Amino acid sequence: MSVQHPVMLAVAVLVGVACALGLRRLQRDRARAYRAAGVARGGGVRHYLPPILFLAALVFLLLSVARPQATLGVPRTSGTVVLAFDVSNSMGADDIAPNRLAAAQSAAIAFVEAQPDTVDIGVVAFSQGALSTHTPANVHTDAIEAIERLRVTGGTSLGQAILGSLTAIVGRPVALPEPPAPPPDLGYHADATIVLLTDGENTGGPDVLQAAELASNAGVHIQTVGVGTVEGSTVDIDGFQVSTALDEDLLTQIAAATGGAYHRAQDAGALHAAYRDLDLRTTIEPQPIELTGPVVALALLLLAAGALLTIHWFGRIL
């Protein structure tokens, strides 16, 4: 426990001690006067308790001016979340209305709006390559604007998606090493989560499971969200009808490699449910809590108790 104004704490202690000594002397003088007059004094605790309650109330009122506060551990959702959006041509398929990408955008925006400012959110768009369209930050309106700007184009590289997301998390370019070189040291980011929103149809390198292992070594969890239906759909690409369907096996392997989970999202409702199931970090953060209000309330309670006892025992307040 601490106070914002230590001088007032000292004043409260000095006034309390002085008043207590004065009350004690007053009671002694009264007792001596009663004895000198040959009058037996009665009442016992009735003569002591109300003044003690008033004195305690005064001390607590002075203590409230010192603005006492205590530091308590408050559970808060925190960390870094990178939303990695597949913007390949297959995300234009309409097996989820109005199409896969639009449904993923809508659910992601709802997720971002529900997060406290203790969560830093970044946005990565990927097709053959990956582009960080919004670095992780707690200004969530910027993340929403980045999500709204996404458009479909090109093929799909899930490996690039993971490397691009790791780049956003660690703040420097991340790439898979050429054998036999060791993997790069990215530090440890246990509070970071990558949410991979894709139909899972991987059409290009680098190796996605090696990239997932790199994320795992850095303590980063990958939650994969399969956008689309197992039955699949067709999409028109440059005048050609191309079939596209979920690759759930690959998405499950990616998530499992990092301690994450795979979520199937075959409609808009399932997409929103997938976000609600995301395992974000809950930390206990020390937070100062001001106790002025409770201290004043206690002082008023003591004043009221002293006044009621005085009226009940003596028929008057003084």
Going through (1) of a type in the set (A, V, I, L, M); (2) touching a residue at least 60 places away in the same chain (Cβ under 8 Å); (3) crowded, with 18+ Cβ neighbours inside 10 Å one by one, Ala110 fails only at (3)
Take the stretch 1-35 and flag every residue that is among the small types (Gly, Ala, Ser) and either within 56 Å of the chain's Cα centre (by Cα) or not in a helix (DSSP H, G or I) (or both). Ser2, Ala10, Ala12, Gly16, Ala18, Ala20, Gly22
Of these, Glu201, Glu178, Glu231, which one is at pLDDT below 90, part of a loop (DSSP other than H, G, I, E, B), of a type in the set (Asp, Glu) and more than 23 Å from Ala107 (Cα to Cα)? Glu178
For the stretch 143-158, indicate whether the set of residues that are closer than 18 Å to His189 by Cβ and either outside the structural domain of Leu101 (by TED's automatic domain parsing) or surrounded by 15 or more Cβ atoms within 10 Å (Cβ to Cβ) (or both) is non-empty. no
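The values are calculated or read from the model by the stated rules, or taken from the named source; none is laboratory data. Just so we're clear, the structure is a prediction, and the values are computed from it rather than from any experiment. Because the Cβ atoms are built from the backbone with ideal geometry, glycine has one as well, and the counts that use them run over all protein chains shown.
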